């Protein structure tokens, strides 16, 4: 079955997560994606090493670069620039999470690309977005987490905590793919391409916007309270006899069910607990009582009681427990695939959104270093002698 982006060619000059995962999502939906990296392989190939060999068995690379052809190229060399021009002439989208200065130096800025293909779409990702005094700076996921206020509100006042999963990078990748799809739709209507710009800080600010609105309008000056919720209670992580669970109670009906379950029905008439925000403001009391209740039960017992009371709860998994969870496996949230140099199979998360008629598909593993370089060059009209000369000159 052809995907919704069948017939669309994407050139991926991305690095690490935001650009490459954006391109991977487009590839999942049927686009032909060409991953272009430097000779010898990109610096992200070995991140989170899980395999052997020069092709880089890095878990991040394996996840970010499924459904892509792989090509090595020096785009700064004169002959490399010519190859880039020929590739752009055949492409619909260029993805490049590179600073504007680097884009211009490589001829990958929108004006340069439009000279080659007037209707091209350029999808870029920067750290800070354009128009501000920090726009020239590089950025990583942690910058978005910290500058949005998210880290300040996590952990304790004495020790802010960043989330280990790079949610700012992944959120920016998803939003960039969303913007690219919108640009493709618009091009179908008007014939015009455009620039799609994601930014790590823009994503983080958008995701924390409700917290910023609250601060602006109320001056509440919240500080970190470990895992307790700011706007309802109980909303926390609780220790049981054999692990941890998370439980979240929101709204009066659910609080009533929780109070009855835990044996504190008199709290229903306590003005301290009259609504979600009041309960959150006294969340330390509520969490302490819930912790006492959980301490005498194991995870299975606690979760069964919470399920009976229709209260949202789940177990805090280790990575191994997530791998072993029967629902995660039955729902197809991980798919076992292979890659050279990696012992056994690796659990790859497929397209994280389902379309009933045109679903995303896993068609090919992440490419080896330069695996498809010759094939791509031949499609551009280069013969074997020319390809050999390019390789000798270290252009590819």
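Taken together, the values in this text are just the output of simple stated rules run on the coordinates, not laboratory data. Everything numeric here is computed off the predicted structure, so don't read it as measured data. Glycine also receives a Cβ, built like all others from the backbone with ideal geometry; neighbour counts cover every protein chain displayed.
Quick check: from the Cα gyration tensor, does segment 310-367 come out rounded (a/c under 1.5), prolate or oblate?
Working: a/c = 3.30, a/b = 1.31, b/c = 2.52.
Oblate shape, in that a/c is at least 1.5 and b/c is the bigger or equal ratio.
Give the label of the value calculated from the structure for mean projected area of the Cα convex hull in nm², choosing from (i) 20.8; (ii) 23.5; (iii) 19.2.
(ii)
Helix 252-262 sits at what angle to the longest principal axis of the chain, using alpha carbons and giving 0 to 90 degrees rounded to 10?
Taking the Cα atoms of the chain, the angle to 252-262 is about 60 degrees.
Taking the chain as the reference, fit the longest principal axis to its C-alpha atoms, fit the long axis of helix 299-308 to the helix C-alpha atoms, and give the angle between the two in degrees, 0 to 90, nearest 10.
That works out to roughly 80 degrees.
Between residue 216 and residue 362, what FRET efficiency comes out of the Förster formula 1/(1 + (r/R0)^6) with R0 = 56 Å and r the beta carbon distance, rounded to 0.05? Please report the intermediate quantities before stating the final value.
Working: r = 44 Å, r/R0 = 0.78.
The pair residue 362/residue 216 has a calculated efficiency of 0.80.
Mind giving me the FRET efficiency for residue 385 and residue 190? R0 is 56 Å, r the Cβ-Cβ distance, nearest 0.05 is fine. Spell out each step's value before the answer.
Values: r = 43 Å, r/R0 = 0.76.
Between residue 385 and residue 190 the formula returns 0.85.
Just 347, 78, 271 to compare: in a GNM of the chain, with alpha carbon springs under 10 Å, which one fluctuates most?
Looking only at 347, 78, 271, the largest GNM fluctuation is found for 271.
Taking the Cα atoms only, what angle lies between the long axis of helix 18-28 and the longest principal axis of the chain, rounded to 10 degrees?
Taking the Cα atoms of the chain, the angle to 18-28 is about 80 degrees.
Given the rule -39500 (n - 2.57) for each run of at least 4 DSSP H residues, summed and divided by the residues of the chain, what is its mean residue ellipticity at 222 nm, to the nearest 500 deg cm²/dmol? Can you show the working numbers first?
Numbers: 17 runs with 158 residues, N = 396.
It comes out at -11500 deg cm²/dmol, rounded to the nearest 500.
Take every Cα pair under 8 Å in the chain that's 6+ residues apart, average their separations, divide by the length, and report that relative contact order as a whole percent. Please report the intermediate quantities before stating the final value.
Working: 727 pairs, mean separation 77.4, N = 396.
Once divided by the residue count of the chain, the mean separation gives 20 percent.
Where a ≥ b ≥ c are the square roots of the eigenvalues of the C-alpha gyration tensor, would you call segment 129-180 rounded, which needs a/c under 1.5, or, failing that, prolate if a/b is larger than b/c, or oblate? Provide the component values of the computation, followed by the final result.
Values: a/c = 2.86, a/b = 1.49, b/c = 1.92.
Since a/c reaches 1.5 but b/c is at least a/b, the shape of segment 129-180 is classed as oblate.
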